[in-house]
């Protein structure tokens, strides 16, 4: 088996200790992990407590024989997926057929050849793992197809209006230019620029989201100062703060180190702060607080804006259900910012919590793994 592959786990079910010992010695020498049960009843009690790659099951056992044990195994959600290798002393066609009808994958006749047994075990284990890998690949393919469908849905829904706006402004600008209304051209060019920036933001968020969905965005957590990241984000949205006359209530230590991918931490904080400002009423207040705890550090944001209704809050991170809404001054968004922020938090073993009351405001908490100040030093 490959060097880094988990050793296959085999369950031997036989009432004779000498058979268990003989088979165990062979399998352990081949690198398998082995467990055993001396009856069908004992096997049924332990089969769901571990992940087995194969069950070697003797037919001739007292109280509950191999056939009866197999019937019970076939009913279990987990156990019915485990291949079964029957051991039989009779080797009659009727017995073999019955074993296969009950779901056996293969059989070995007693007295068995140890080399033959080892080969049959190897083949059945490889077959099971190949099937599991195929299921994993199929599931991954379905996920990728779902990503593709959601991608096109968002493109069709969220880009339609801004692209139409862009086209409309371009036509109006051409008309105003022909008529010599230069002031109107200047006014329309401002609208054109806003629409173009909105489209660029949607495309950027779509690309980031798609890379996150298919696992192609590298996440490299390291020690970062959350406080400096908050300061950088506030500087980036300073024009929005001034335009809406938003008052900031800051409570932060000089330094608060967290484990987080640097670029992702910057993106998450910027997205959360932008949202708080976007949905704050002009002249409102946004509170920003960083608190250190024993093993974590939290960023708390609170606004006095429009809030989120209970039904919208439930779908806040559900792609396809959550749609971006305009801010208090008709600010636009892609509808993906918070979904991206939550996924980035998860990749960094952080947690994002939202609490909101419709028309009253929203509270957000970003809980990150704490890092020691020395962790950020080379």
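Each value in this text was obtained by applying a stated rule to the coordinates, not by laboratory testing. These numbers come from a predicted model, not from an experiment. A quick note on method: Cβ atoms are made from the backbone with ideal geometry, for glycine too, and the neighbour counts reach across all protein chains shown.
Using a Gaussian network model of the chain with C-alpha springs under 10 Å, which one of 70, 141, 257 is most mobile by mean-square fluctuation? Highest fluctuation among the options: 70.
Hey, with R₀ at 22 Å, roughly what FRET efficiency would residue 131 and residue 50 work out to, going by the Cβ-Cβ distance, to 0.05? Here the calculated transfer efficiency is 0.70. I'd like the orientation of helix 182-213 relative to the chain: the angle between its Cα long axis and the longest Cα principal axis, in ° from 0 to 90, rounded to 10. Long axis of 182-213 versus the principal axis of the chain: about 20 degrees. Give the percent of DSSP beta bridges with both residues in the chain that are antiparallel, rounded to the nearest 5. Roughly 55 percent of the DSSP beta bridges within the chain come out antiparallel.
With bins 10 Å wide beginning at 0, the percent of Cα pairs of the stretch 195-250 falling in each bin runs 18, 27, 40, 15, 0.
Against the globular-protein guess of 2.2 N^0.38 Å, express the Cα radius of gyration of the stretch 1-101 as a ratio, rounded to two decimals. Present the calculation step by step, with values, prior to reporting the outcome.
Working: Rg = 13.5 Å, N = 101, 2.2 N^0.38 = 12.7 Å.
Cα Rg divided by the expected 2.2 N^0.38 Å: 1.06.
Computed over the alpha carbons of the stretch 159-213, Rg followed by Dmax gives 14.4, 50 Å. For the residues 163, 34, 258, a GNM of the chain with alpha-carbon springs under 10 Å puts the largest fluctuation on 34.
The label-point distance for residue 197 and residue 152, in a model that sets each label 7 Å from Cα toward Cβ, rounds to 3.3 nm.
Given in Å, the Rg to one decimal and the Dmax to the nearest whole number for the Cα atoms of the chain are 31.3, 102. DSSP finds beta bridges in the stretch 202-331, and of those with both partners inside it, around 65 percent are antiparallel.
If you run the Gaussian network model on the chain, springs between alpha carbon atoms under 10 Å, then out of 23, 269, 357 the most flexible one is 23. Between the Cα long axis of helix 262-278 and the first principal axis of the chain there is an angle of about 50°, rounded to the nearest 10.
Once every DSSP H run of n ≥ 4 in the chain is given -39500 (n - 2.57) and the sum is divided by its residues, what mean residue ellipticity at 222 nm do you get, rounded to the nearest 500 deg cm²/dmol?
Details: 12 runs with 183 residues, N = 378.
Rounded to the nearest 500, the figure is -16000 deg cm²/dmol.
Placing pseudo-labels 7 Å out from each Cα toward the beta carbon at residue 204 and residue 219 gives an inter-label distance of 2.2 nm. Measuring nothing but how far apart in sequence close Cα pairs (under 8 Å, 6+ apart) lie, relative to its length, the chain scores a relative contact order of 11 percent. For the pair residue 252 and residue 93, the difference between a 0.36 nm per residue extended length and the Cα-Cα distance amounts to 49.4 nm.
Calculated FRET efficiency, residue 186 to residue 242, Cβ-Cβ distance, R0 = 30 Å: about 0.85 to the nearest 0.05. For helix 160-178, report the angle its Cα long axis makes with the longest principal axis of the Cα atoms of the chain; keep it between 0 and 90° and round to the nearest 10°. Around 30 degrees separate the two axes.
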